[in-house]
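I have placed the structure first, in the form of structure tokens, so that the comments after it can refer back to it.
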């Protein structure tokens, strides 16, 4: 990738991804986010919400960080809540269950595809494509086997939670991403990862080593 990509963990499944001048934020939930991550110095172009559970969707925080040019993307329950709180001008509803098996939009240099995946009544996983950078945020998806790997294609980064029973190991093997960032971990689970014991009770096969970002930590690819 000729254009550096900045990724910062914001807690749970929250991430800030900056490609060139475009900034996307996924599932922001914590007011303890490091102050430099979400300041007025950053033009937040997109906020993407996977579903409306409390540990993924913080309405007050989203209202706080959304700028007049920000677009907030989410499934229908998320969009409905935002509309009730007078945020309709910000909302782009991406509801694959309503509009088809997946739905797609393109704004300027970014393509976003929402996939209907399994967790809550309405849950999205997101494929985001720039001209030279592609990543997939799987959210809380419990069934990676239902996703069309051929449509997702080659990935620079996969954001994935290793849910037991989700067949995440096979998903990684089929996609062969350049990098896998593990997410949705507690502090004690991060500690277990550092000690090399986290996967002991989950799986006997880890296809590739994950990148580990605690809340506030960031990398540049």
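Out of the residues in region 183-199 meeting the condition of being in a loop (DSSP other than H, G, I, E, B) and surrounded by 13 or more Cβ atoms within 10 Å (Cβ to Cβ), tell me which one is farthest from the chain's Cα centre (by Cα).
185
Could you count how many residues in region 68-105 are touching a residue at least 24 places away in the same chain (Cβ under 8 Å), surrounded by 14 or more Cβ atoms within 10 Å (Cβ to Cβ) and under 24 Å from residue 43 (Cα atoms)?
11
Do we find that residue 154 is more than 22 Å from residue 81 (Cβ to Cβ) and assigned to a loop (DSSP other than H, G, I, E, B) in this structure?
Yes: the conditions hold for residue 154.
Can you tell me which of (1) modelled with pLDDT of 95 or more; (2) in a loop (DSSP other than H, G, I, E, B); (3) surrounded by fewer than 19 Cβ atoms within 10 Å (Cβ to Cβ) is the one residue 140 doesn't meet?
(3)
Name the pairs: first residue in region 125-139 and at positive phi and touching a residue at least 60 places away in the same chain (Cβ under 8 Å), second residue in a strand (DSSP E or B) and surrounded by 21 or more Cβ atoms within 10 Å (Cβ to Cβ), Cβ to Cβ under 8 Å, at least 6 apart or on different chains?
Hits for this filter: 139/117; 139/123; 139/124; 139/125; 139/126.
Taking the condition of being touching a helix residue (DSSP H, G or I) at 6+ places or on another chain (Cβ under 7 Å) and closer than 19 Å to residue 104 by Cα, how many residues in region 148-167 meet it?
The number of residues fulfilling the criteria is 4.
What's the number of the condition residue 207 fails, among (1) surrounded by fewer than 14 Cβ atoms within 10 Å (Cβ to Cβ); (2) touching a helix residue (DSSP H, G or I) at 6+ places or on another chain (Cβ under 7 Å)?
For residue 207, the failing item is (1).
Select from region 174-187 the residues that are free of Cβ contacts under 8 Å to residues at least 60 places away in the same chain and within 23 Å of residue 16 (Cα to Cα) and list them in ascending order.
175, 176, 177, 178, 179, 180, 182, 185, 186, 187
Out of everything in region 1-20 that is touching a strand residue (DSSP E or B) at 6+ places or on another chain (Cβ under 8 Å) and at pLDDT below 90, what residue ends up being nearest to residue 186 (Cα to Cα)?
4
For the structure I just gave you, tell me whether residue 111 is in contact (Cβ under 8 Å) with a residue 12 or more places away in the chain and surrounded by 21 or more Cβ atoms within 10 Å (Cβ to Cβ).
no
Return a yes/no flag: does region 159-173 have any residue that is over 23 Å from residue 121 (Cα atoms), surrounded by 19 or more Cβ atoms within 10 Å (Cβ to Cβ), within 18 Å of the chain's Cα centre (by Cα) and in contact (Cβ under 8 Å) with a residue 60 or more places away in the chain.
No, every residue in region 159-173 fails to be over 23 Å from residue 121 (Cα atoms), surrounded by 19 or more Cβ atoms within 10 Å (Cβ to Cβ), within 18 Å of the chain's Cα centre (by Cα) and in contact (Cβ under 8 Å) with a residue 60 or more places away in the chain.
The values are calculated or read from the model by the stated rules, or taken from the named source; none is laboratory data. Fair warning: this is a prediction, and the values are worked out from it, not measured in the lab. Here Cβ is always computed from backbone atoms with ideal geometry, including for glycine, and neighbour counts include all displayed protein chains.
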